[in-house]
Number of protein chains: 2
Amino acid sequence: MSEKLIGACIFGQSGGPTAVINASAYGVIKTALEAGEITHVYGAAHGIKGVLDDKLYDMDLEDSYELSLLMNTPSSELGSCRYKMKPFEEDETDYIRILEIFKKYDVHYFFYNGGNDSMDTCNKISQYMQKVGYPCRVMGVPKTIDNDLFGTDHCPGFASAARYIATSCMEISKDARVYDTPMVTVIEVMGRHAGWLAGSAALATDKGSGPDLIYLPETDFDMEDFYSDVERIFNENGKVLVVVSEGIHYSDGTFVSEAKTSATDGFGHAQLGGLASMLAADLGNRLGTKVRGIELSLLQRCATHQASLTDLNEAFLVGQEAVLNAVNGTTDKMVALVRSFDENGNYVSKTELLPLSSVANYEKKVPLEWINEKHNGVTPEFIDYVKPLIQGDPEVVYEDSLPRYSRLKKIIASK
Amino acid sequence: MSEKLIGACIFGQSGGPTAVINASAYGVIKTALEAGEITHVYGAAHGIKGVLDDKLYDMDLEDSYELSLLMNTPSSELGSCRYKMKPFEEDETDYIRILEIFKKYDVHYFFYNGGNDSMDTCNKISQYMQKVGYPCRVMGVPKTIDNDLFGTDHCPGFASAARYIATSCMEISKDARVYDTPMVTVIEVMGRHAGWLAGSAALATDKGSGPDLIYLPETDFDMEDFYSDVERIFNENGKVLVVVSEGIHYSDGTFVSEAKTSATDGFGHAQLGGLASMLAADLGNRLGTKVRGIELSLLQRCATHQASLTDLNEAFLVGQEAVLNAVNGTTDKMVALVRSFDENGNYVSKTELLPLSSVANYEKKVPLEWINEKHNGVTPEFIDYVKPLIQGDPEVVYEDSLPRYSRLKKIIASK
């Protein structure tokens, strides 16, 4: 048992939001409020930027029911940021400021919720605090819908996006086949470098109402193969449903979506997406058929109403474990999820601690052996991997049959 | 009490599908299977086209549990069509064929589920049968997400789309405001001529997490007013969430979305939508900010997992009432929904019968007095109108936490 460390904590959310990142927030905040060693709980406004700006919300002043509704609330309730810190050997400015704020609020615990970059931020801050001899326990809390975080079996946020994508694909599959006229539908899902989300659409096909073809960014995309895949199914039954990952790319590394800049809307806003529309239009031209491009866009990462209960509970768990381990003396770790099963073969959520340095800045991709030979779908192993993670319906709190989100007071801490 | 009419029935689904149209199918099929007067229940494959093609599914051979799962299944399970019949005074071909099929299967009841055009189809078929002296009771069962069907207070399918749109807007609103950087988001919803769906996004705003501005097709769209509305909010808080109906148009009647053909993707597929992306890109250019265009696309009309229970039950009810009234002697009517409240002020679903001829080919738009003065939002009266209709969470049947859809055998009837 290590020495007791008494002090306040700061919790921050970083990177793209998810449907369950606020469940991790609740896991951290609730556990920290209950922990005797933690004297005060602060929530950083917009992640590390809130620390640098001295904009911290006083979580001790929040109503406990409203805090519990974080389980019901999508996106990052404290605000998020995309802020990459330079190594302190290069530029110490931010670190000096963070130390100043830590001292000002007597902060000795720092919990940071995010993906690869955020684990890197955690790691750098911790190293700096150690260098200057300031006692601070730093823990990483993982999140990303992309599921590309290294070391953890899977990542909170992913399974809820997967469940939403699978459900939506089932629904679209039903809708897109309703007429007896030919039709090609292309659905674009997120995932720039990893195809976990695109592959999850196969859960819908597994239930008999899903895409015919799925393209992941782990393999090179070949437009001629794509045409011939689609054409074959189109000629067979006149209906084709295709799912593509936004990150599909040619063998030279060029993103397929980049072609859209030559066929742009005239404003050249590359961030608008449009891969689905582009491929659909292209297929429509080729096959002389009606087409539809559908981009699941932000919906796939914020649909808490169709989250996975397993995911929600695991998101809470990793937050809780981060705090419990920190007050028990652990630092410089990320709480990872381990795949385990009980004696009856039922999936059980378990955690382990990984060194922050081991997870920062690595990307976990879909294993190539889980992608089929033709590179237009996933294998049963992929389905087996995802299925236990999407289980359980969330206990959504409704008011007039619409979600009742957490309404935090967000009172700025002053000292 | 009119004469007992003994015979088989045909049920068909027509037009764009909805999240609850299969609940009406279940209402018709279940009630018809139980009705002593109805000797056999046939489901037309792809609506009236299935009658013309002699492609009828034998509903008597279906498993009752699978039929009950129609309440859980989006889109038109029997298949739909968009087939406009000529008046029989002009061309009798189709009518002669329909009469032939009715006689072949001893059909004396025809139930047709659809929007304006389908009520027109019903009406024409009924008039023809009367003209040739063939006893047939014809009843219309309403559906449309657009809610533009005349005569009925509201239309099955609308409220579920409204609930999905409001929920999605709440979620997107949370996500789109997560960073402390400026951002404009434009969401496009369906509704070519009526703004019921776009207006329903205001339910999200009413819950504190929705769009700032909503544009309906009932009023003329003015691009300069639009820019200044957006700019004002953008300058105030750096974040703007806009909802537009796909049918917004300039005062000369030109659809705003038509402009996209000049800024097309090069393939000229006008049905691809893209209004949201176009407006977003335009605003991005003007305000020099990050933008995102989101099209809710097919998702808004097939999201049975987030349907309104009230809507599902009403969809069943109008199907059930169509059959019960027909066997009791009624014909040439559409089952309409009436707004009513019990003594405690709670909304109650009630129906009435309207002459088919009175509803066919008319469109019900949002009353202008329910649109605000600036034409960028709706009034509290609009919210009061929609709110009771979206109430109740559907009892979704899940299998592995994904929807379990009806699996009908669809055995083709032969005679």
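Please treat every number below as a calculation from the coordinates, not as lab data. This structure is a prediction, so every number in the text was calculated from the model and none was measured. Methodologically, a virtual Cβ is constructed for each residue, glycine included, from the backbone with ideal geometry; neighbour enumeration extends over all protein chains shown.
What does the highest-first list of A:136-144, A:376-384 look like by mean Cβ count within 10 Å? If you can, show how the numbers build up before the last one.
Working: A:136-144: 28.4, A:376-384: 17.4.
With the highest mean Cβ count within 10 Å placed first, the list reads A:136-144, A:376-384.
Restricting to the protein assembly as shown, compute how many DSSP beta bridges are antiparallel as a %, nearest 5. Before the final figure, lay out the partial values.
Working: 36 of 104 bridges.
Of the beta bridges lying entirely in the protein assembly as shown, close to 35 percent run antiparallel.
How compact is chain A by the rule of thumb for globular proteins, expressed as Cα Rg over 2.2 N^0.38 Å? Mind showing how you got there, number by number?
Working: Rg = 22.6 Å, N = 415, 2.2 N^0.38 = 21.7 Å.
Against the compact-globule rule of thumb, the ratio is 1.04.
Sorted from shortest, what are the nm distances separating the label point of A:P182 from equivalent points in the other copies, each placed 7 Å from Cα along Cα to C-beta?
4.7
Can you tell me the 0 to 90 degree angle between the C-alpha axis of helix B:158-176 and the longest principal axis of chain B, rounded to 10?
20 degrees
Can you tell me which of B:285-292, B:19-26 comes out highest on packing, and rank the rest after it, using the mean Cβ neighbours within 10 Å? Show your work: numbers first, answer last.
Values: B:285-292: 16.8, B:19-26: 31.4.
Answer by packing, highest mean first, reads B:19-26, B:285-292.
Using the scaling law 2.2 N^0.38 Å as the reference, what is the normalised Cα Rg of the range B:70-218? Mind showing how you got there, number by number?
Numbers: Rg = 21.2 Å, N = 149, 2.2 N^0.38 = 14.7 Å.
With N residues counted in the range B:70-218, Rg over 2.2 N^0.38 Å equals 1.44.
Normalised by the residues of chain B, what does the relative contact order come to in percent, with Cα pairs under 8 Å and at least six apart?
On the way: 941 pairs, mean separation 99.8, N = 415.
Reported as a whole number, the value is 24 percent.
Mind checking which aspartates and glutamates have their C-alpha under 18 Å from A:K207, skipping anything on the same chain fewer than 8 residues away?
Within reach: A:E171, A:D175, A:E381, A:D384, A:D393, B:E66, B:E77, B:E399, B:D400.
Placing a label point 7 Å from Cα toward Cβ, how far apart in nm is B:K84 from its equivalents in the other copies, listed shortest first to one decimal?
Once sorted, the set of distances for B:K84 reads 5.6 nm.
Compare B:E218, B:E100, B:E373 in a GNM of chain B, Cα atoms joined below 10 Å, and give the one with the largest fluctuation.
Maximum fluctuation in the GNM of chain B, among the listed residues, is at B:E373.
For B:M59, what charge total do you get from the other residues with a beta carbon under 13 Å from its beta carbon, if Lys and Arg give +1 and Asp and Glu give -1?
On the way: positive: B:K30, B:K409, B:K410; negative: B:E34, B:D58, B:D60, B:E62, B:D63, B:E66, B:E77.
Net of charged neighbours comes to -4.
Normalising by the residue count of the range A:55-178, find the relative contact order in percent from Cα pairs under 8 Å and 6+ residues apart.
Values: 91 pairs, mean separation 20.2, N = 124.
Reported relative contact order: 16 percent.
Within 10 Å of each Cβ of B:391-402, how many other protein chain Cβ atoms are there on average?
Details: counts 4, 2, 4, 0, 0, 3, 0, 4, 1, 9, 16, 14.
Mean number of neighbouring Cβ atoms from other chains: 5.
Using 0.36 nm times the number of residues separating B:Q130 and B:D220, minus their current alpha carbon distance, what extension gain do you get? Please list the in-between numbers first.
Working: separation 90, 0.36 × 90 = 32.40 nm, distance 4.38 nm.
Full extension from B:Q130 to B:D220 adds 28.0 nm.
For n ≥ 4 DSSP H runs only, could you compute -39500 (n - 2.57) per run for chain A, divide by its residues and tell me the 222 nm figure to the nearest 500? It would help to have the intermediate numbers written out before the result.
Values: 14 runs with 144 residues, N = 415.
Value at 222 nm, helices only: -10500 deg cm²/dmol.
What shape does the range A:1-128 have by the C-alpha gyration tensor, where a ≥ b ≥ c are the square roots of the eigenvalues, rounded means a/c under 1.5, and otherwise prolate means a/b greater than b/c and oblate the rest?
Details: a/c = 1.81, a/b = 1.22, b/c = 1.49.
Cα axes put the range A:1-128 in the oblate bin.
Just to be sure I understand: of the beta bridges DSSP finds with both ends in chain B, what percent are antiparallel, rounded to 5? List each step's numbers first, then the result.
Values: 18 of 52 bridges.
Among the beta bridges of chain B, antiparallel pairing accounts for roughly 35 percent.
Put a point 7 Å out from Cα along the line to Cβ at A:R286; what are the distances to that point in the other copies, in nm, shortest first?
Shortest to longest, the spacings are 3.8 nm.
Which whole number gives the average, over all residues in B:208-216, of C-beta atoms from other chains lying within 10 Å of the residue C-beta?
Details: counts 3, 7, 1, 0, 0, 0, 0, 0, 0.
Across the residues of B:208-216, the mean count of other-chain Cβ atoms within 10 Å is 1.
Counting other Cβ atoms within 10 Å, which GluC sites (Glu not before Pro) in the range B:309-352 have at most 11 and lie in a DSSP loop? Let's see the in-between values first.
Values: sites: B:E314, B:E321, B:E343, B:E352; in loops: B:E343.
Passing sites in the range B:309-352 are B:E343.
Of B:D146, B:D400, B:D222, which has the largest mean-square fluctuation in a 10 Å C-alpha GNM of chain B?
Top of the fluctuation ranking is B:D400.
Take every residue in peptide A:73-82, count the Cβ atoms of other chains within 10 Å of its Cβ, and give the average of those counts. Before the final figure, lay out each step's value.
Numbers: counts 4, 8, 9, 5, 2, 1, 4, 4, 4, 2.
If you average over the peptide's residues, the count of other-chain Cβ atoms is 4.
Distance between the C-alpha centers of the range A:27-43 and the range A:65-93? Whole Å please.
16 Å
Taking the protein assembly as shown, how much of its Cα-Cα pair set, in percent, is spaced more than 42 angstrom apart?
Values: 118188 of 344035 pairs.
Cα-Cα pairs of the protein assembly as shown separated by over 42 Å account for 34 percent.
Considering only DSSP beta bridges where both residues belong to the range B:1-129, give the percentage that are antiparallel (nearest 5). The partial results should precede the final answer.
Values: 3 of 13 bridges.
In the range B:1-129, approximately 25 percent of DSSP beta bridges are antiparallel ones.
Take the Cβ-Cβ distance between A:L61 and A:E352 as r, set R0 to 60 Å, and report the resulting FRET efficiency rounded to the nearest 0.05. Could you put the intermediate results ahead of the total?
Working: r = 34 Å, r/R0 = 0.57.
The calculated FRET efficiency here is 0.95.
Treating the angle as unsigned and between 0 and 90°, give the value, to the nearest 10°, between the Cα long axis of helix A:93-104 and the longest Cα principal axis of chain A.
In chain A, helix A:93-104 runs at an angle near 50 degrees to the longest axis.
Helix B:223-237 versus the longest principal axis of chain B: what is the Cα-based angle in degrees, 0 to 90, to the nearest 10?
The angle comes out near 60 degrees.
Would you kindly give the portion of the calculated P(r) for the range A:154-228 that falls above 14 Å, as a percent of all Cα pairs?
63 percent
Relative contact order of the range A:291-415: what whole-number percent is it, with Cα pairs under 8 angstrom and at least 6 residues apart?
Working: 94 pairs, mean separation 34.7, N = 125.
Relative CO of the range A:291-415 lands at 28 percent.
Compute the Kirkwood hydrodynamic radius of the range B:158-301, taking the inverse of the mean of 1/r over all pairs of distinct Cα atoms, and give it in Å to one decimal.
On the way: mean 1/r = 0.0662 Å⁻¹.
Evaluated on the range B:158-301, it is 15.1 Å.
What do you get for Rg/Rh over the range B:313-408 if you use C-alpha atoms and the Kirkwood form of Rh? Numbers along the way, then the final one.
Working: Rg = 18.0 Å, Rh = 17.0 Å.
Looking at the range B:313-408, the ratio lands at 1.06.
For the residue pair A:D53 and B:I6, what label-to-label distance in nm results when each label sits 7 Å from Cα along the Cα-to-beta-carbon direction?
About 7.9 nm, to one decimal.
Where Lys and Arg each count +1 and Asp and Glu each count -1, what net charge lies around A:A45 among other residues with Cβ under 11 Å from its Cβ?
Details: positive: A:K49, A:K55, A:K410; negative: A:D53, A:D54, A:E77, B:D180.
Net charge in that neighbourhood comes out at -1.
What's the local net charge at B:Q130, with K and R +1, D and E -1, over the other residues with C-beta under 12 Å away?
Working: positive: B:K124, B:K131, B:R137; negative: B:D332.
Counting the neighbours of B:Q130, the net charge comes to +2.
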